[in-house]
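Accompanying notes for the structure given below.
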Amino acid sequence: MANRHTIVLMQTSQNRATRTFMDYDSISQAMDGICGLYERKLKELNPATRNITYDIGDLYNFIDGLADMSALVRQSHTEDYQGPRK
């Protein structure tokens, strides 16, 4: 699973202008990037707090609060990208 290029598509609000994407060299880097987004948001909301802690539930709530988030992972055997399975 290492080095599987991953594209994260997200929309932070119902406003279509908030659509953006981030790309990473691996799935783990993409997950770190999503955590980093949340950590930056926490710092923005709590600028005077030096040490901010959170748990996985807090991170899930942040993600659930976004209008949309999806990830596409490059499949080396087919040379295409695969999204979430239904």
* Share of carbon and sulfur in the accessible heavy-atom surface of the chain [1.4 Å probe, %] -> 50 percent
* Determine how large the accessible area of residue 81 is when every protein chain is in place; take a 1.4 Å probe and give Å² rounded to the nearest 10. => 100 Å²
* Per the Kirkwood definition applied to all pairs of different Cα atoms, how many angstroms is the hydrodynamic radius of the range 6-73? -> 12.8 Å
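In a shell of Cβ-Cβ distance under 15 Å around residue 49, excluding residue 49 itself, what net charge do Lys and Arg (+1) and Asp and Glu (-1) give?
+1
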* **Most to least packed among 42-52, 64-74, 13-23 [average Cβ atoms within 10 Å]** => 64-74, 13-23, 42-52
* Structure fact -> Length-normalised contact order of the chain, Cα under 8 Å, at least 6 apart, in percent, tallies to 37 percent
* Structure fact -> For the chain, longest principal axis from Cα atoms; helix 27-45 axis from its Cα atoms; angle between them, nearest 10 degrees, is 20 degrees
* Asked: Where does the chain land at 222 nm, in deg cm²/dmol rounded to the nearest 500, when only DSSP H runs of n ≥ 4 count, each adding -39500 (n - 2.57), divided by all residues?
  -> -10500 deg cm²/dmol
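The values are calculated or read from the model by the stated rules, or taken from the named source; none is laboratory data. Source: prediction; values computed, not measured. Quick reminder, even Gly has a Cβ in these numbers, built from the backbone with ideal geometry, and neighbours come from all protein chains shown. Areas reflect the complete protein model, heavy atoms only, side chains present, ligands, DNA and RNA absent. Shrake-Rupley method; radii C 1.70, N 1.55, O 1.52, S 1.80 Å.
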